[in-house]
Amino acid sequence: MAKKRELTKDERILKEDKRLRKIYKDIDKDKQALIDGLISRAAYMRITLEDYENDIMQNGYFEMFTQSEKTDPYERERPVARLYNTMNKNYQSIIKQLSDLLPKDTEVVEDDGFDKFLAAR
């Protein structure tokens, strides 16, 4: 069985961008211009977050660090972990904005006859 080729970061971003655009294809034209930038940013952020996650899984959240050879090393948060946390928060915010633009599902409540029962009394 042939091994599947790894997609480049740009290809993965484009794939995510298309996936998101498919979800938001039915948004009215007035809002479409608003969401174009959000979708592009969300796609980039999601793929970058996946890359950060892989790095963190391989190398951990913390590393040993020292300012000089004269001081003992100490454990500190790796810069990629800090970047991940910040970008994840921003990504969640963009996804929330996009989700708020989706049409609200109208909930269909099945009539159980209770209102008719009360009216009859």
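What follows is calculated from the coordinates using simple rules that are stated; it is not laboratory data. Computed from a prediction, not measured in an experiment: that's the story for all the values here. Positions of Cβ are generated from backbone atoms using ideal geometry, with glycine treated the same way; all protein chains shown enter the neighbour counts.
In the structure shown, do any of Lys9/Lys31; Lys4/Lys29; Lys4/Lys31; Lys4/Lys25; Lys3/Lys89 have a Cα-Cα gap over 32 Å, and if so which? Let's see the in-between values first.
Numbers: Lys9/Lys31 28 Å; Lys4/Lys29 38 Å; Lys4/Lys31 38 Å; Lys4/Lys25 30 Å; Lys3/Lys89 35 Å.
Over 32 Å Cα-Cα: Lys4/Lys29; Lys4/Lys31; Lys3/Lys89.
Run the numbers for Ser68 and Ser40: contour at 0.36 nm per residue of separation, minus the present Cα-Cα distance, in nm. Walk me through the intermediate numbers first.
Numbers: separation 28, 0.36 × 28 = 10.08 nm, distance 4.20 nm.
My answer for the length gained is 5.9 nm.
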| field | Sites Thr8 and Leu49 - FRET efficiency at Förster radius 22 Å, r taken between beta-carbons, to 0.05 | value | 0.85
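Based only on Cα atoms, what Rg/Rh ratio does the stretch 9-101 have, Rh being taken as Kirkwood's radius? List each step's numbers first, then the result.
Working: Rg = 18.0 Å, Rh = 15.2 Å.
Expressed as Rg/Rh, it is 1.18.
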